[in-house]
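To keep things clear, I will list the structure first and then write my remarks on it.
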Amino acid sequence: MNIVIVGVGGQGSLLASRILGNLFISRGLDVKVNEVHGMSQRGGSVVTMVRAGEQVMSPIVPPGTADILIALEAIEAARGLPYLKPGGVMAASKQVISPVSAAPAESAGPALPPEALRVDALALAREAGSEKSANVVLLGAVSAKMDFSEEAWQNALKAAVKPKFLEVNLKAFALGRAAAG
């Protein structure tokens, strides 16, 4: 399984990759994670790759081979499209972060494939109790398309999220899963 997470610095791509890693490890799979970023601490692009299988030799997901693309930000969704394989699953936040101000804005963002799961992750994260849980909202949306039980996802969350933030993240996950229908 090849998963690519794209966004900007500070959106939680590393936490999302840890949750996914925990999920795959719970199934006894080999997992490799890679992060590629520019000025991530200043709102720059971040690309995180998660590969899982019986034996994974490299953490790099080649373009056109991602089974799942998770876009934490709408402009980065468009930049990340070349990673997605034909028939792959995409979950993209509608949130646009202006490169000038690095401030969140509500927007539909660029055109994406019609089958992409467009999720108002920021609004659902607010509903869960923290804007910072938008990454977990998108994991919830993707979870509906993956062959893991909800319990396995919850255990992966519990292993990666600090206890004081767990309740908000579990709620964000559930809201994202419901949004994917």
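Looking at segment 8-84, the strands (runs of 3 or more DSSP E) lying wholly inside it that each contain 3 or more residues that are surrounded by 22 or more Cβ atoms within 10 Å (Cβ to Cβ) and β-branched (Val, Ile, Thr) sit at 45-53.
Every condition in (1) of a type in the set (Lys, Arg); (2) under 28 Å from LYS171 (Cα atoms); (3) at pLDDT 95 or above holds for LYS94 except the one numbered (3).
The rows are residues; the columns are (1) modelled with pLDDT under 95; (2) more than 18 Å from LEU23 (Cβ to Cβ); (3) among the small types (Gly, Ala, Ser); (4) within 17 Å of the chain's Cα centre (by Cα).
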site	(1), (2), (3), (4)
ALA105	yes, yes, yes, no
ALA108	yes, yes, yes, no
PRO114	yes, yes, no, no
VAL137	no, no, no, yes
VAL161	no, no, no, yes
LEU175	no, yes, no, yes
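Quick check on LEU117: is it aliphatic (A, V, I, L, M) and under 24 Å from ALA52 (Cβ atoms)? Against the criterion (aliphatic (A, V, I, L, M) and under 24 Å from ALA52 (Cβ atoms)), LEU117 qualifies.
Out of curiosity, is ALA144 modelled with pLDDT under 95, surrounded by fewer than 17 Cβ atoms within 10 Å (Cβ to Cβ), under 27 Å from GLY28 (Cα atoms) and small (Gly, Ala, Ser)? So ALA144 fits the description; yes.
The values are calculated or read from the model by the stated rules, or taken from the named source; none is laboratory data. Only a predicted model underlies this, so the values are computations on that prediction, with no experimental measurement involved. Every residue, glycine as well, gets a Cβ built from its backbone with ideal geometry; the counts of neighbours run over all protein chains shown.
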